[in-house]
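Report on the following structure.
What follows draws every value from the coordinates through simple rules; no lab data is involved. If you're wondering where the values come from, they're calculated on a predicted model, not measured in any experiment. Heads up, the Cβs are rebuilt from the backbone with ideal geometry, glycines too, and the neighbour counts pull from every protein chain shown.
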Amino acid sequence: MTRMYAEAPELRRIPLLDEAWSVRGHGLRLEAVRRGAHALHAELGRGPRAVAVRSLTRSRLVYPTRHAFQGAALSPAPFVVMVHRTLLVQFLQAGELKTLLFNPTDVEGAKRTPFFVKLLEKMPPQAVSLLAPPEPSLEAQLATHGLRPEDVDYLAFDHFHTQDVRGLPAQFPRAKLLAPRCEWEDWAHLHPMQAAWFVADGREGVDPARVVLTEGDLALGDGVALVRTPGHTSGNQTLFVATENGIWGCSENATSADAYSPLDSRIPGLSRFARTYDVDLVMNLNTPEYGADQYTSMTLERLVVDRVPHAPGFVQMFPSSEVTPSALAPGLSPTLVFGSLSAGRVVTPQRSAAE
C-alpha cells in the first residue's frame, strides 16, 4: 500500500510574492520581488514576535573560496572555513507553543556528499585536525535548553545539499519534515549539475507520512515564516523570524554578512567586484543552475530583514554556514561575523510527573 504524504493545514500560505515570482523576464521579476519583499517586511514587522531563537553549532567545514564569494575574493587561500549551525525556533501557533529545528544536519551523513568525499581525500591530516573537535549532538544541545527530541514539532532545511534525512524520523519522533516539493522531487532524479552536492540516497526509505511537501511561502506561526528563495537550489528557502531584536533571516544563499554588503566589506576583492560588475550582492555560487534567481532571492532577503544596529551597513541575514576567521584562510576574515543568534527565552514544555 502506497503511503500518502503528510499534510499541515495549520500552516498559513503567504500570497504576497506569488505574482512576483510568476513574472517573466529576470529584470522585471527582480523589480516585482523587490515590491513583494517590502510588503513582507512590513507584515512581519507589525505582527507578533517569535518566542525564542537559539543557534546550535553543528560542525566546522572547509569550502572553496571561489564558491563562497563567487570568485570575487582576492586571496591565495583556496579554501575558507565555515561553521554550520542549526536554529532552534519556538513560536506560538494559534496560541500553542511549537518548536522548529532549521537545518538539523546529520553531520556524519553529510560527509557522504560526493564533493566532500573527494575533497577530504586530498586534504592533509593536519588541516583536517584544525576542524575538530566535533560538537555535542543535537540531543545534548537541546537538553541544555530543557528540551527533548520529542518536543520538536517541525524540521526544515534551507536546501538539501549535503543532507541525509533518513535518520530524522527516529531521532525526532513527533516532528514533521517540511520539504519543498520541487527539490524533494529533484532529489529523486538528480541532474549532473546537482549530483556532486547531494547525498544521492539521503532521502530513500523516509516514510512519506512524516514529510509535508510544501509550495510557495508559509507562515508557521507568530513571527515565523518559510519563504521560497530559489536559485542556490530549485527549492531553496529562507527562514525569517521576527524577534525583539528585529527581523532576522537564515539561509545559505550567502556565506557571510559581507556578501549582502560588499561595498562595506574589508575582504579583499569584494568591493571591487561589486563596482566592476555594478552588483550589490555576492552569491554563494557552487551550483550555477539558477544564478539570476539566486541574486533576486538575496535581494528579497536583504529587504525583508532589519539592519544590524551596531553596524547599519550590514543586514541581519544569518548564514546557516558562516565563513569564520581561520589559520587555514589568511586574509579571508569577514568584516562582520555573527557567530551566534539568540533572542527571547526558550520555553520548556509542561510535562506530567510520569515524564
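Here are the numbers for the structure shown:
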quantity	calculated
Efficiency of FRET from Cβ geometry, Arg266 and Ala143, R₀ 45 Å, rounded to 0.05	0.70
Farthest toward positive dipole pole in the stretch 12-330 [+1 Lys/Arg, -1 Asp/Glu at C-beta], among Met317, Ser265, Ile14	Ser265
In order through the stretch 94-111: 3J(HN,Hα) via Karplus (6.51 cos²θ - 1.76 cosθ + 1.60), integer Hz, x for Gly, Pro	6, x, 9, 5, 10, 10, 10, 10, 9, 6, x, 5, 7, 4, 5, x, 5, 5
Considering only the stretch 74-199, percent of DSSP beta bridges that pair antiparallel, nearest 5	55
Packing-based exposure ordering (other Cβ within 10 Å, fewest first) of Phe172, Phe115	Phe115, Phe172
Nitroxide proxy distance, nm - points 7 Å out along Cα→Cβ at Glu150 and Leu28	5.5
Positive-end residue of Gly47, Val62, Thr243, charge dipole of the chain with Cβ unit charges	Val62
Whole-Hz ³J(HN,Hα) from phi, Karplus 6.51 cos²θ - 1.76 cosθ + 1.60, for the stretch 154-169, glycine and proline x	9, 10, 7, 10, 5, 6, 9, 4, 6, 8, 10, 9, 5, x, 5, x
Fraction of beta bridges assigned by DSSP in the chain that are antiparallel (%, nearest 5)	75
Order of Met4, Met317 under a 10 Å beta carbon neighbour criterion, fewest first	Met4, Met317
Residue list for the stretch 46-71, given a label point 7 angstrom along the Cα-to-Cβ vector of Ala94 and an amide N cut-off under 20 Å	48-51
Size of charge dipole - the stretch 269-355 - debye, nearest 20, with Cβ of Lys, Arg +1 and Asp, Glu -1, no other charges	300
As computed over the stretch 263-324, the Cα convex hull volume per residue (Å³)	112
Net charge dipole size for the chain [Lys, Arg +1 and Asp, Glu -1 on Cβ; Debye, nearest 20]	520
Global geometry of the stretch 149-294, whether rounded, prolate or oblate, following the gyration tensor of its Cα atoms and the 1.5 cut on a/c	oblate
Summed residue charge, Cβ within 15 Å of Thr99's Cβ, Lys/Arg positive, Asp/Glu negative	0
DSSP-defined antiparallel bridges as percent of all bridges, the stretch 123-277, nearest 5	65
Net length gained if the chain between Ala311 and Arg275 were fully extended (0.36 nm per residue, minus Cα distance)	10.8 nm
FRET efficiency, Arg345 to Arg174 (Cβ-Cβ, R0 22 Å, nearest 0.05)	0.50
Helical contribution to [θ] at 222 nm, DSSP H n ≥ 4, -39,500 (n - 2.57), averaged over the chain, rounded to 500	-6500 deg cm²/dmol
Sequence of Lys176, Lys118 once ranked by neighbouring C-beta atoms within 10 Å, starting from the fewest	Lys118, Lys176
